[in-house]
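I have placed the structure first, in the form of structure tokens, so that the comments after it can refer back to it.
What follows draws every value from the coordinates through simple rules; no lab data is involved. Everything numeric here is computed off the predicted structure, so don't read it as measured data. All Cβ positions, glycine included, derive from the backbone under ideal geometry; neighbour counts span all protein chains shown.
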Amino acid sequence: MTFCAVAIMAMAGCNEDAQFEGELYKKVIYLLSNNDYTFQSVFELGKESTGYVSICCGGTEHINADVTVELEPDDEILAQYNKINYDIEEDKFAKVLDPEKYNIPSFKTVLTADNEDNYALLPITVNPDGLSPDSSYMIPLRIKSTSNYEINTDKQSVLFQVIIKNKYATMESATYYQTTGSEVRETSSGNLASGTSITRCVVPLSKNQVRIFAGTHSYTPSNVTREEIDKYALILTINDDNSISIAPYGSIEVEMLGGATDNYFYIDDKNRYIFALHYRYKDTVSVNGTSEECWISTEEKCIRDRIS
């Protein structure tokens, strides 16, 4: 290889090294979110707790000066989200979280140059009590200003989504309990007994309450209707002594059977959560080809692994 060829190759190598010595990507400020602009934060019912919005700086090199970032409410992003996801199905629209349910101490935060991470956190304290498991709640925010660097206009907004949970169920993902037992239908043709097995959806209502559907009725959260909830939903209240009280959530007629000795919560030797339930409820069933309303007595155990 000639001297000239070696020199040219050496110069090319130097040029390739040089291009990686500087900033590869422009520094821009943005809010961390999913592709649909949501950022989920889980809050436990029965207490106030704090979640965080992450304000980040893109680029391959660390910031060399502090950057003050100010956020503000975003009046447009939630409407866009609802239009894209639900179109005209307004009953499914996500809602703005009531300002009385949360507190943002300051809309300003600082990305500091002496922090090895190129992000800062803006705290939001939330009281989730009273929120419905059938609605989505958002705090829509956007970047108002920065003291340095440009704003990434594609990621300048975030829908801070408040997700509720308790000890027994969470809305972060559907919570299902495997349920087995027996039922007796008290019909005009006599009592009809049968075994039951169902995958039961359980949702949190408060610190010590969950909602289930009665008997062999079940659903998935994405397709349940308000009418079905009113017709079949029960409230289970787990008392301090782990006994369970059963009450209607909507219009269903329900009666407890056996009292605390047959309705209770416990954790078994496999570390599983278990609801032991004994109750009866009214439903419309088919008897000899004819619909009639009757009492259905149900005895069952609902079992699942512990919620983390």
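Values as computed for the structure displayed
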quantity	calculated
Region 175-305, dipole about Cα centre (Lys/Arg Cβ +1, Asp/Glu Cβ -1), debye to the nearest 20	380 debye
Efficiency of FRET between Ser182 and Val287 - r from beta-carbon atoms, R0 22 angstrom, step 0.05	0.70
Candidate aspartates and glutamates - alpha carbon under 13 Å from Lys155, same-chain residues fewer than 8 apart omitted	Asp36, Asp74
Cβ-based exposure ranking for Val162, Val254, in which fewest neighbours within 10 Å come first	Val254, Val162
Ratio of the Cα radius of gyration of region 104-161 to 2.2 N^0.38 Å, where N counts its residues	1.41
Positive dipole terminus of the chain, leading residue within Val162, Thr180, Ala94 (C-beta point charges)	Thr180
Packing-based exposure ordering (other Cβ within 10 Å, fewest first) of Leu141, Leu192	Leu192, Leu141
Built amide H within the under 5 Å cut-off of Asn263, gap 5+	Ile244
On Cα atoms only, tilt of 77-86 relative to the major axis of the chain in degrees	50 degrees
Estimated [θ] at 222 nm from DSSP helical runs (n ≥ 4, -39500 (n - 2.57)) normalised by residues in the chain, nearest 500	-3500 deg cm²/dmol
Relative contact order for the chain, counting Cα pairs under 8 Å that sit 6 or more residues apart, in percent	16 percent
Too-long pairs where the Cα-Cα distance tops 23 Å, listed order kept, from Lys92/Lys231; Lys167/Lys231; Lys95/Lys282; Lys47/Lys108; Lys92/Lys282	Lys167/Lys231; Lys95/Lys282; Lys47/Lys108; Lys92/Lys282
Percent of beta bridges antiparallel (DSSP, region 25-165, rounded to nearest 5)	70 percent
Residue order, fewest to most surrounding Cβ atoms within 10 angstrom, among Val202, Val28	Val28, Val202
Extension gain, Ser145 back to Lys108 (0.36 nm per residue minus Cα-Cα distance, nm)	12.4 nm
